[in-house]
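The values are calculated or read from the model by the stated rules, or taken from the named source; none is laboratory data. Since we're looking at a predicted model, the values are computed, not measured. With ideal geometry, Cβ positions are generated from the backbone for all residues, glycine too; neighbour counts draw on all protein chains shown. Ligands, DNA and RNA are excluded from the accessible area calculation, which covers all protein heavy atoms including side chains. Shrake-Rupley method; radii C 1.70, N 1.55, O 1.52, S 1.80 Å.
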Amino acid sequence: MDRRWWWLWSQCPGLGSARIHALRSVACEWSVGPAELWSWPTERLRTLLSWPESCWSSLERFRRLHGKAPQINVPDNVLLPGDRQWPQGVDRLDRPPVVLHHCGDPLLLQELQQQQAVAVVGTRAASAHGLAVAEDLGCTLASMGWPVISGLAEGIDAAAHWGCLNVGGRPVAVLGTSLERVYPRNHETFQAEVGRKGLLLSELSPGTSMNRGSFVERNRLIVALAKALVVVECPERSGALISAKFASQLQCPVWVVPGDARRWSSRGSNALLRNQALPLLTAADLADHLGAGPLISASASVAQDALLAAIGDGASIETLQRRLGARGNQLSSRLLALECEGQVVCEAGHLWRRR
């Protein structure tokens, strides 16, 4: 019952994260639920909450609109604090979200609830090297069973998610818009693909207008949901640096891919290396540090057995492609994962052998 009433309160114009948190504190202090608070006179609430006059006016209009016994229907794709799948990490934020809207595979919410995912972020105007590294990271992390979180922006974000999708992985996109909107506009098909094979998340209600601040807020959620953050490439003024700042506050490990010292788009990420961020030289380093992710399944084990059998006494990527009918990028990611586990080794001439 409380869940439905908190949903109603969260829909009141002007009641954001801080004010809902204050309202929850009042409910706790007076040992009442949100339904009883709904019936409290405005004068009584005013004595306990220091809200501006515009907020009280909005609340009065909202309560008159819905009446004393409102019909409350919570959408199926909404998460609220207290729900079993509510992500624990977001409660550590100074401004935790009031609600989370989701679209896609709800089973991924279980991994996010325990921060069992890896975030990959960076600039929209990335170099060819940065894009290749981000895609490789997406491939490798997905092959190791890790959901890959990013913001679905152009550049590094998109490359990481494409890499994840290319090997059948499970991307998680945290949007700076409400779920029904697409930004950038040319990502309409891409966003739909991520929604089908992974998960879309937003704290913004349908119909909410887009603004620049929404993308900064999006960055804090990306970090709060992740086990680790990887900054691939970013300039000195970048949302990725804001993400790294949030990661520092939340004690989330930050890995940084060193970039060309002469390139403007790497100056911000290179600067992070002076502040105790961990240098990431290869995707294998990260995979070795994290180990197997939560999405490693029996089917992956079967595929692994088939790959090890196909290697036999030694085989190149081209030979394995013919034997297994698999794509080269899929094989590269799986072989990299097996190398990290110590099961295979790459010898001279790019010949793979079992240890």
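Structure above, values below:
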quantity: Candidates Gln71, Gln115, filtered to the one that is of a type in the set (S, T, N, Q), out of contact with any Ser or Thr (no Cβ under 7 Å at 6 or more places or on another chain) and either more than 23 Å from Ser202 (Cα to Cα) or free of Cβ contacts under 8 Å to residues at least 24 places away in the same chain (or both); calculated: Gln71
quantity: Cβ-Cβ under 7 Å pairs, at least 6 apart or on other chains, segment 204-224 side among the basic types (Lys, Arg), far side assigned to a helix (DSSP H, G or I); calculated: Arg220/Phe246
quantity: Selection status of Thr189, among the hydroxyl-bearing types (Ser, Thr, Tyr) and assigned to a loop (DSSP other than H, G, I, E, B); calculated: no
quantity: Failed item, numbered, when Leu204 is tested on (1) farther than 19 Å from Gln11 by Cβ; (2) buried (at least 18 other Cβ atoms within 10 Å of the Cβ); (3) touching a helix residue (DSSP H, G or I) at 6+ places or on another chain (Cβ under 9 Å); calculated: (1)
quantity: Given (1) open to solvent by less than 70 Å² (accessible area, probe 1.4 Å); (2) in contact (Cβ under 8 Å) with a residue 60 or more places away in the chain; (3) not in a helix (DSSP H, G or I), number of the condition Gly82 does not satisfy; calculated: (1)
quantity: Residue count for segment 23-49, restricted to those that are of a type in the set (S, T, N, Q) and closer than 17 Å to Cys12 by Cβ; calculated: 3
quantity: Residue among Ala18, Ala35 that is assigned to a helix (DSSP H, G or I), open to solvent by 30 Å² or more (accessible area, probe 1.4 Å), closer than 21 Å to Leu204 by Cβ and of a type in the set (A, V, I, L, M, F, W, C); calculated: Ala18
quantity: Pairs where the first residue, in segment 239-263, is touching a residue at least 24 places away in the same chain (Cβ under 8 Å) and the second is acidic (Asp, Glu) and open to solvent by less than 80 Å² (accessible area, probe 1.4 Å), C-beta under 6 Å, 6+ apart; calculated: Gly259/Glu233
quantity: Subset of segment 18-49 (residues that are farther than 19 Å from Val98 by Cα and polar (S, T, N, Q)); calculated: Ser31, Ser39, Thr42, Thr47
